[in-house]
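As structure tokens, the structure follows; a few thoughts come after it.
The values are calculated or read from the model by the stated rules, or taken from the named source; none is laboratory data. Computed from a predicted model, the values in this text were never measured in an experiment. Here the Cβ positions follow ideal geometry from the backbone for every residue, glycine too, while neighbour counts run over all protein chains shown. Accessible surface areas use protein heavy atoms only, side chains included; no ligands, DNA or RNA. Shrake-Rupley method; radii C 1.70, N 1.55, O 1.52, S 1.80 Å.
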Amino acid sequence: MTNVTRDLLPAMADARARFMEFVAEVRPELHRYCARMTGNVFDGEDIVQETLAKAYFALAEMDEPPLLPGWLFRIAHNTAMDFLRRYERKNVDLVAEVPDVGESEDKGPDPALVEAALTGFVSLPPVQRSAMVLKDVLGHSLEETASTMATTVLAVKGALVRARANIAAKASSTPSISAEEKKSLHRYADLFNSRDWDGLRALLGEEARLDLVSRWQRRGSKAAGYYARYAEVTAAENLRAEAGFADGVPVIAIHRPGSTRPAYFIRLNWEQGRLVQIRDFYFVPYLAEEVRFTKG
């Protein structure tokens, strides 16, 4: 490693840390938007991460700092729409989905609809979804919503009328999981709660991928050290694991003493009974505030 590289890496780490401080205040609100656009908190966090990566590189080319919330939400909106174009078979054309409705006054949201489960928002076409989340859930003005979506206030009003009607008629879906995955989730929780770190290591596949979200990633043999970290963390924080669903997504919920709500979640992917991916959201605690957790 050259001296230039040695100097560059700490500088890059410092710049990233300063950027994360810069966006920290708006990040939970960004996640509320992205989670409802994608239908679950975990895909929503992926969109947030991609949004911040795009913003980080764009910021380096600017002479003056942007007006942060609006700028980040425009990036998040475009990133979420790209995600939906890749993974959904829904029409995302702005004009087709958001016809104008005239100059009628916006009557405001129904509070019950604002608190709808994330799966309810997925039933909406993406543009209706975006308008309702920005305006009704996050409280942005019609003008701010239109700016984020690169459309008109009249078009936003049209989307809101349809979105509110559609989501009011949507029934909540019931979580489903195979018997094998349910057994694996409960086994993981039991091993965690008994502090059997060797037992958890034994579940890892040879090329298991570990993502400590918003911090670092490991793969293969390097992933096993993850449980050495947890041996220290659980001793200090007395963490407890519980298998269940976060808005319908199978998860391990981690609880701290004295709290009835999960502190954060861990997502696990399995192949033939072996763990092939762990996504640990320890450093993204705001996810737990956004979901309805049910025991599995």
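Brief remarks follow.
- Among the residues making up region 188-214, those that are charged (D, E, K, R) and in contact with a strand residue (DSSP E or B) (Cβ under 9 Å, 6 or more places away or on another chain) are 190, 206, 207, 209, 211.
- Qualifying residue in region 210-220 (condition: open to solvent by 30 Å² or more (accessible area, probe 1.4 Å), part of a helix (DSSP H, G or I) and polar (S, T, N, Q)): no
- Within this structure, residue 242 passes the test of being touching a Gly at 6+ places or on another chain (Cβ under 9 Å) and either open to solvent by 30 Å² or more (accessible area, probe 1.4 Å) or free of Cβ contacts under 8 Å to residues at least 60 places away in the same chain (or both).
- Matching residues in region 264-296 - criterion: being buried (at least 18 other Cβ atoms within 10 Å of the Cβ), free of Cβ contacts under 8 Å to residues at least 60 places away in the same chain and not in a strand (DSSP E or B): 288
- When restricted to residues that are more than 23 Å from residue 82 (Cβ to Cβ), among the β-branched types (Val, Ile, Thr) and open to solvent by 60 Å² or more (accessible area, probe 1.4 Å), region 125-169 contains 1.
- Identity of the residue in region 72-86, at pLDDT below 95 and not aliphatic (A, V, I, L, M), that ends up nearest to residue 47 (Cα to Cα): 83
- You will find that of 32, 18, the residue that is over 26 Å from residue 266 (Cβ atoms), among the charged types (D, E, K, R) and at pLDDT 85 or above is 18 and no other.
- Flag for residue 252 being at negative phi and within 20 Å of the chain's Cα centre (by Cα): yes
- Residue check, residue 232 over 26 Å from the mean Cα position of the chain (by Cα), of a type outside the set (S, T, N, Q) and open to solvent by 30 Å² or more (accessible area, probe 1.4 Å): yes
- Which numbered condition residue 205 fails, given (1) farther than 28 Å from residue 30 by Cβ; (2) in contact (Cβ under 8 Å) with a residue 40 or more places away in the chain; (3) part of a helix (DSSP H, G or I): (3)
- The set of residues from region 9-60 being farther than 29 Å from residue 133 by Cβ and surrounded by 12 or more Cβ atoms within 10 Å (Cβ to Cβ) comprises just one member, 15.
- Checked against (1) surrounded by fewer than 16 Cβ atoms within 10 Å (Cβ to Cβ); (2) part of a strand (DSSP E or B), residue 259 passes all but a single condition, namely (2).
- Total residues in region 245-296, condition at pLDDT 95 or above and of a type in the set (Gly, Ala, Ser): 2
- Selected residue (only one of 185, 124, 200, 160 is out of contact with any helix residue (DSSP H, G or I) (no Cβ under 7 Å at 6 or more places or on another chain) and either within 20 Å of residue 41 (Cα to Cα) or part of a helix (DSSP H, G or I) (or both)): 185
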